[in-house]
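Visitor: Before we start, here is the structure in question, set down as structure tokens.
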Amino acid sequence: MININKYVPGLLLCSLIALPAWLLGKALPVIGGPVIALLAGAGLALLLKNRQRYQAGINFCTKKILQAAVVLLGFGLNLFIVLETGRQSLPVILSTISVALLIAFLIHKALRIPASTSILVGVGSAICGGSAIAATAPVIRAKDEEIAQAISVIFFFNVIAAIIFPTLGAWLGFPQDSGDAFGLFAGTAINDTSSVTAAAATWDSLYHLGSKTLDHAVTVKLTRTLAIIPLTLGLAILQARKESDQPALIDGEAGQQTRTNDRPSEALQAKNRFSLRNSFPLFILFFILTCLITTVAGRFGLDPAVFSPLKSLSKFFIVMAMAAIGLNTDLVKMLKRNGKPLIMGFCCWLSIILISLAFQLPQF
């Protein structure tokens, strides 16, 4: 039975940060509530004592509350428009993913960064940050420290993106009367869903666009997230072939060599077997379902304004999630421990930004 009480302190803390950040963000749209919550959470993290008491609720916000925010965004969106947006963004998405993975491979060879770390940073940069890393790690048998290192690198650039992208978009001349162009830029050039939503929400607030940018950016980002499935499947096949060529394997837990007759043990095969259920982000299905509900309701003449409170709740959940992410931030520790992976992450991220801009800047 789930102990709900362990989540309460962390949820309350994130809410207490999110509420004033939400209100202050309305008064200071140039910064936006999500960025204010992120910075406030990061500052409070330096002073927070008895952290373990809050950790369960903080982690719940970074994952479940953020996913709930994305699902609620589906209310008010027409499913056919969502599918068309995903189709139109595919060329940009496929190009950014391909280039990022290529850059990760080249940096891996040049700086001799361990293969597992390189794969995790490359996949996290190319697709969807922590979700892609979590799906890929068990397939390639990544160690805990490699997973933590990759997530730290991706998170570092997510924080930067959430803060600078709205200003960068304005400086580059993205149209301010529509959220489509900046939404596509944010959805393809920012690593993680949390920072995509933060940057898009700030753009909406800055130019009074309601949730147009946020809707477009999330649709593009979720389309990009689907690349987890074929990529993880491919890695699973490569890993299986690699292990089948090894005459013996080291059992990491027992520290003993185990003969496998040129094949990995059944337990190891089970551990590394590709799982569609585990790799597929189920909240995408719920997002599509809420879009479907809106589409059907519209066909029966229901005013889309009915869903406005849910859209507002979605935006507040995004602010809560960013507060939690800030509370989980230790930028000093990241910079000290992740030299070469940070270089790789930066090169991947920069290449993604440049490819995304190459597709769009000529249009305006």
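The values are calculated or read from the model by the stated rules, or taken from the named source; none is laboratory data. Since this is a predicted model, take the numbers as computed values, not measurements. Positions of Cβ are backbone-derived with ideal geometry, glycine not excepted, and every protein chain shown enters the neighbour counts.
Visitor: Identify all residues within the range 142-199 that are among the polar types (S, T, N, Q), at pLDDT 90 or above and in a helix (DSSP H, G or I); write none if there are none.
Guide: Thr167, Thr188
Visitor: Just a yes or no: is a residue in the range 49-57 in a helix (DSSP H, G or I), more than 16 Å from Ala323 (Cβ to Cβ), without any contact (Cβ under 8 Å) to a residue 12 or more places away in the chain and not hydroxyl-bearing (Ser, Thr, Tyr)?
Guide: Within the range 49-57, one or more residues are in a helix (DSSP H, G or I), more than 16 Å from Ala323 (Cβ to Cβ), without any contact (Cβ under 8 Å) to a residue 12 or more places away in the chain and not hydroxyl-bearing (Ser, Thr, Tyr).
Visitor: Could you list, in sequence order, all residues of the range 113-141 that are free of Cβ contacts under 8 Å to residues at least 60 places away in the same chain and either over 18 Å from Gln239 (Cα atoms) or assigned to a helix (DSSP H, G or I) (or both)?
Guide: Scanning the range 113-141 gives Ala115, Ser116, Leu120, Ile133, Ala134.
Visitor: Right, Leu102: farther than 30 Å from Lys242 by Cβ and part of a helix (DSSP H, G or I) or not?
Guide: So Leu102 fails the test.
Visitor: Moving to a separate point now. List, please: which pairs have Cβ atoms under 7 Å, are six or more places apart or on different chains, and start with a residue in the range 84-107 that is touching a residue at least 40 places away in the same chain (Cβ under 8 Å) and closer than 25 Å to Ile343 by Cβ and end with one that is of a type outside the set (Ser, Thr, Tyr) and not in a helix (DSSP H, G or I)?
Guide: Close Cβ pairs satisfying both conditions: Ile97/Ala227; Ile107/Ile113.
Visitor: Surrounded by 23 or more Cβ atoms within 10 Å (Cβ to Cβ) and under 14 Å from the mean Cα position of the chain (by Cα) - does that describe any residue in the range 39-61?
Guide: Yes: one or more hits.
Visitor: In the range 109-116, is there at least one residue being modelled with pLDDT under 85, more than 19 Å from the chain's Cα centre (by Cα) and surrounded by 15 or more Cβ atoms within 10 Å (Cβ to Cβ)?
Guide: Checked against the condition, which is being modelled with pLDDT under 85, more than 19 Å from the chain's Cα centre (by Cα) and surrounded by 15 or more Cβ atoms within 10 Å (Cβ to Cβ), the range 109-116 yields no hits at all.
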